[in-house]
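The values are calculated or read from the model by the stated rules, or taken from the named source; none is laboratory data. Here the structure is a predicted model, which means the values were calculated and not measured. Heads up, the Cβs are rebuilt from the backbone with ideal geometry, glycines too, and the neighbour counts pull from every protein chain shown.
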């Protein structure tokens with residue numbers, strides 16, 4: 001990906017090294033490790049919001065977290081994220097700042113065409129634990145977007161997992177992570193996220209609510225593809241192999257693949273983000289068309 005020398009966004013908050021706390025209205029206990037030990041008061045509204053936006057890339061069903069099936073890797077990652085910053089970490093900060101700036105340029109233009117004004121989100125870099133407008137989160141959740149404060153959150157140590165655990169290396173795979181979360185911001189600004197949440201609350205069962213979540217996530221994948229198309233038109237950022245890196249990342253974090261790896265079985269009714277094939281298909285749809293109208297996953301008969 002051609003990003004060196006690109007404009008860096010001013011909307012990056014670097015909270016690495018800060019110690020996060022547990023906020024009122026957030027989780028009733030700690031997140032990560034063997035799951036979420038819930039306090040007597042249960043989950044507050046902030047905790048519920050965090051569960052709804054639980055990591056794109058871990059593909060975890062929020063109900064699994066409540067039931068204690070969260071990935072068993074938080075302790076190691078937390079220790080890694082507390083290590084002194086390296087030159088590579090500073091380069092990653094510049095990289096995500098440039099990618100965020102590219103998303104700002106693309107979505108400002110897209111919203112202007114719709115007669116709307118795009119509000120830039122903030123991107124928060126953290127290490128280990130972070131307080132967000134949606135409650136307190138730990139890096140085991142992976143990158144996430146909080147609609148209540150309109151901020152994206154990422155512990156940059158996640159990129160090591162993307163490369164080593166998910167076997168999805170490459171800078172364009174990393175850019176896809178940011179673009180997907182920005183896609184959720186676009187959905188929030190357009191009111192899509194609120195409508196989906198309302199529909200989920202009135203859903204008759206868990207499977208129906210999960211199905212709505214899948215369509216929301218696949219739309220964010222499609223919007224990430226639209227960003228890639230438009231950013232390349234504006235700045236020629238894509239190099240040979242870049243699109244394959246994004247498609248590989250999308251495939252690596254499909255619900256079916258992650259469930260197969262962690263449980264040995266696949267339960268489609270519990271999908272919250274979509275299968276590997278679906279995630280690849282919708283990123284590709286957005287990239288090939290470059291048009292937001294191609295991303296109506298809610299009207300699609302075939303995902």
Residue 262: passes all of (1) in contact (Cβ under 8 Å) with a residue 40 or more places away in the chain; (2) out of contact with any helix residue (DSSP H, G or I) (no Cβ under 9 Å at 6 or more places or on another chain); (3) closer than 27 Å to residue 121 by Cα but (3)
Of the residues in region 233-249 that are without any contact (Cβ under 8 Å) to a residue 40 or more places away in the chain and surrounded by fewer than 20 Cβ atoms within 10 Å (Cβ to Cβ), the one that is farthest from residue 184 (Cα to Cα) is 240
Per the filter on region 121-136, residues under 19 Å from residue 216 (Cβ atoms) and under 14 Å from the mean Cα position of the chain (by Cα) are 121
Qualifying residue in region 250-259 (condition: more than 18 Å from the chain's Cα centre (by Cα), surrounded by fewer than 20 Cβ atoms within 10 Å (Cβ to Cβ) and assigned to a helix (DSSP H, G or I))
no
*Before we move on, is residue 263 surrounded by fewer than 23 Cβ atoms within 10 Å (Cβ to Cβ) and at pLDDT 95 or above?*
no
Picking from 177, 186, the residue that is assigned to a helix (DSSP H, G or I) and either under 26 Å from residue 267 (Cα atoms) or over 16 Å from the mean Cα position of the chain (by Cα) (or both) would be 177
When (1) modelled with pLDDT of 95 or more; (2) surrounded by 15 or more Cβ atoms within 10 Å (Cβ to Cβ); (3) in contact with a helix residue (DSSP H, G or I) (Cβ under 8 Å, 6 or more places away or on another chain) are applied to residue 296, the one that fails is (2)
Filtering region 117-141 down to residues that are surrounded by fewer than 24 Cβ atoms within 10 Å (Cβ to Cβ), touching a residue at least 24 places away in the same chain (Cβ under 8 Å) and more than 17 Å from residue 18 (Cα to Cα) yields 118, 119, 120, 122
query: Is it fair to say residue 230 is more than 19 Å from the chain's Cα centre (by Cα) and at pLDDT below 95?
result: no
Kindly indicate whether residue 181 is in contact (Cβ under 8 Å) with a residue 60 or more places away in the chain, within 18 Å of residue 295 (Cβ to Cβ) and in contact with a strand residue (DSSP E or B) (Cβ under 7 Å, 6 or more places away or on another chain).
yes
All conditions in (1) surrounded by fewer than 20 Cβ atoms within 10 Å (Cβ to Cβ); (2) within 16 Å of residue 179 (Cβ to Cβ) are true of residue 227 except (1)
